[in-house]
Structure formats: structure tokens, C-alpha cells
Amino acid sequence: MPHDAAEGAPRSPAPPQFRVAWGVLAALLLIWLVFETAKYGGWVIVAAVAGVVAPDLSFLAGLSGPHEHGRMPRRAVPLYNLLHRPVVAVVVMLACLIPDSSAVAVPLFNFGLAWLVHIAADRALGFGLRGADGRPR
């Protein structure tokens with residue numbers, strides 16, 4: 001996408017069908033997340049909010065130092081790409097099977113679920129993984 005055509009961050013050139021599929025998945029996962037947080041409340045709400053924010057903490061790795069508009073600093077790219085892979089969020093969700101206590105397992109599951117909502121919403125909006133140069137793939 002040319003720089004003139006978009007204000008803000010450049011978007012991934014993913015086909016519209018993929019973006020719609022990610023959007024549907026994001027909506028379904030969001031409904032599930034809201035249901036789970038309303039059902040359990042307490043620390044599950046905190047875990048869900050943290051899960052939505054967690055993937056974008058990788059931007060902190062690139063705060064210092066110059067970079068071009070639309071291009072992420074190179075040192076932040078590997079962490080950003082790792083935190084925006086759905087398999088990582090699913091592994092976090094499956095980690096809820098390890099603790100014996102539901103007081104730990106339920107917030108952990110919801111943290112991973114919120115993380116997955118974030119990833120699906122990003123992909124639906126056209127924000128995908130980054131190339132080694134920091135530009136969207």
C-alpha cells in the first residue's frame with residue numbers, strides 16, 4: 001500500500017477473505033472472552049486486560065532510537081513477531097492444564113484467550129507480522 005493511501009501505520013497486503021475470516025474469529029473469541037470474564041470476575045478481568053495488552057509490549061523494545069514512519073525498529077521485530085503468533089497464545093491457554101488450582105488456571109486461560117483475541121483483531125485490521133526490515137509482510 002503506498003504511503004499516500006493510508007494515514008498511520010501501513011497495513012498487510014492480506015487478501016480480503018483472510019481478513020474477514022480473522023474478523024469473524026476475533027468476534028467469536030471476544031464473545032467467549034467476555035462470557036468467561038463475566039462468569040469468573042476478579043483476577044480473570046485483570047488477566048484478560050493484560051492479555052489484550054501483552055502482545056503490543058514488544059513496541060517498548062523499539063522506543064529508543066530513530067526509525068522511519070511505518071517501519072518498526074529492527075531490534076523490536078523478532079519479539080513483535082513472536083508475540084503475534086497464534087500458536088504462542090494457544091500454548092499459554094494450554095498451560096492452564098498444568099496448575100492444580102483453578103485460581104491460577106482460569107486467569108491463565110483467559111490471559112491466553114485475550115491474547116488470541118488481540119492477534120485475531122490485528123490480523124483482521126491488516127496488522128500482520130513484520131519483515132526483518134520492520135515493514136509489514
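Once region 31-46 is narrowed to residues that are open to solvent by less than 40 Å² (accessible area, probe 1.4 Å) and either in contact with a Leu (Cβ under 7 Å, 6 or more places away or on another chain) or charged (D, E, K, R) (or both), the residue that is nearest to Leu83 (Cα to Cα) is Leu33.
Of all residues in region 85-108, those that are more than 17 Å from Trp43 (Cβ to Cβ) and of a type in the set (A, V, I, L, M, F, W, C) have Cβ atoms under 7 Å from Cβ atoms of residues that are open to solvent by 80 Å² or more (accessible area, probe 1.4 Å) and at pLDDT 90 or above, 6 or more apart or on another chain, in Val88/Leu82. Region 35-137 holds helices (runs of 4 or more DSSP H) entirely within its bounds, and those carrying 2 or more residues that are more than 22 Å from Arg11 (Cα to Cα) map to 43-53, 86-94, 102-124. What single numbered condition from (1) out of contact with any Ser or Thr (no Cβ under 7 Å at 6 or more places or on another chain); (2) surrounded by fewer than 19 Cβ atoms within 10 Å (Cβ to Cβ) fails to hold for Val77? Going through the list (1) out of contact with any Ser or Thr (no Cβ under 7 Å at 6 or more places or on another chain); (2) surrounded by fewer than 19 Cβ atoms within 10 Å (Cβ to Cβ), Val77 breaks only (2).
Select from region 118-137 the residues that are touching a helix residue (DSSP H, G or I) at 6+ places or on another chain (Cβ under 8 Å) and hydrophobic (A, V, I, L, M, F, W, C) and write down the one among them that is farthest from Pro55 (Cα to Cα). Looking at the filtered set, the residue picked out is Ala132.
Looking at Leu94, Leu28, Leu82, Leu60, which is the one that is surrounded by fewer than 18 Cβ atoms within 10 Å (Cβ to Cβ) and modelled with pLDDT under 90? Every option except Leu60 fails the conditions.
The values are calculated or read from the model by the stated rules, or taken from the named source; none is laboratory data. Please read all numbers here as calculations on a predicted model, not as lab measurements. Backbone-built Cβ (ideal geometry, glycine too); neighbour counts: all protein chains shown. Remember, those area values only see protein heavy atoms, side chains included, never the ligands or the DNA or RNA. Shrake-Rupley method; radii C 1.70, N 1.55, O 1.52, S 1.80 Å.
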